[in-house]
Amino acid sequence: MSVLIAPSMLSSDFARMADELRAIERAGADWIHLDVMDGHFVPNITFGPPIIKAMRPHTAKTFDVHLMIEPVDPFLQAFADAGADVISVHVEAGRHVHRSLQAIRGLGKQAGVVLNPGTPEDSIAYLLDQVDLVLLMTVNPGFGGQAFIPAVVEKVRRVKAMIGDRPIRIEIDGGVTAENAGVLVAAGADVLVAGTAVFKGGTEDAYRSNIAALRAAAEAQRA
Ligand code: DX5
Ligand code: ZN
């Protein structure tokens, strides 16, 4: 599987979201990462289904929806209807993650499970047949622009081994830069989320060179 770059719209200009989406697509984004925060599961609030629905006509790229909300189950249908393609839920956000993952697939969407930096990989051992993606947080969720936590690289290796030959992508989120992209990909990552590292510079040309730098660093280390 080739490495995918998924810019996080959290670092975009929210007042110009449609323009930002078109710019990031032209600049080479593979997936669009959408961070949904509820001020309860995480100490920040962003946006929900109506905003995602409004964004949907402006790009055909995969909408990779990262739900940092608790509870999740009552809202899955709304995110599916809004145009999500991948819906990821935190293993820490509910007692019945297996059921949430089944519900996502039941809605015809790809299911992802997310682990906070402090959550051990064992917690997903019995979920691997229910998921299309494992998202490993390399910061504590809630904010863009935080420092990468290097201890998670070992967890990437372990999850890669657990996955074996299942068709499951490993996605990394938090503090990803061209400096750490290589070590992450060498460990087994194949989707890199990046907010700050993609949107720095604030112009389409800057986004293009930022994405190219991430991709070059990733591809150089691909196993
Ligand atoms: C954090 C979010 C991330 C965030 C990453 O809770 O899940 O997707 O946007 O931003 P950077 O790349 O700036 O760490
Ligand atoms: Zn995210």
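Tabulated results
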{"item": "Condition broken by Glu20, with the remaining ones in (1) over 17 Å from Ala84 (Cβ atoms); (2) away from ligand 1 (no atom under 14 Å from the Cβ); (3) of a type in the set (Asp, Glu) satisfied", "result": "(2)"}
{"item": "Subset of segment 24-34 (residues that are free of Cβ contacts under 8 Å to residues at least 60 places away in the same chain and within 13 Å of ligand 1 (Cβ to nearest atom))", "result": "Ile32, Leu34"}
{"item": "Filtered residues of segment 185-215 (kept if out of contact with any Pro (no Cβ under 9 Å at 6 or more places or on another chain) and assigned to a strand (DSSP E or B))", "result": "Val191, Leu192"}
{"item": "Scan of segment 130-146 for residues that are in contact (Cβ under 8 Å) with a residue 60 or more places away in the chain and either more than 12 Å from ligand 2 (Cβ to nearest atom) or assigned to a loop (DSSP other than H, G, I, E, B) (or both), ordered by number", "result": "Pro141, Gly142, Phe143, Gly144, Gly145"}
{"item": "Residue satisfying condition, being in contact with a strand residue (DSSP E or B) (Cβ under 7 Å, 6 or more places away or on another chain), on the phi > 0 side of the Ramachandran plot and buried (at least 22 other Cβ atoms within 10 Å of the Cβ), within set Gly112, Gly174", "result": "Gly174"}
{"item": "Where a residue in segment 172-184 is in a strand (DSSP E or B) and within 12 Å of ligand 1 (Cβ to nearest atom) and its partner, wherever it lies, is acidic (Asp, Glu) and at pLDDT 95 or above, with Cβ under 7 Å and at least six apart", "result": "none"}
{"item": "Members of segment 56-74 found to be β-branched (Val, Ile, Thr) and more than 18 Å from Pro7 (Cβ to Cβ), listed by number", "result": "Ile69, Val72"}
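The values are calculated or read from the model by the stated rules, or taken from the named source; none is laboratory data. Remember, predicted model here, so these are calculated numbers, not experimental data. No Cβ is skipped: glycine too gets one built from the backbone with ideal geometry, and neighbour counts run over all protein chains shown.
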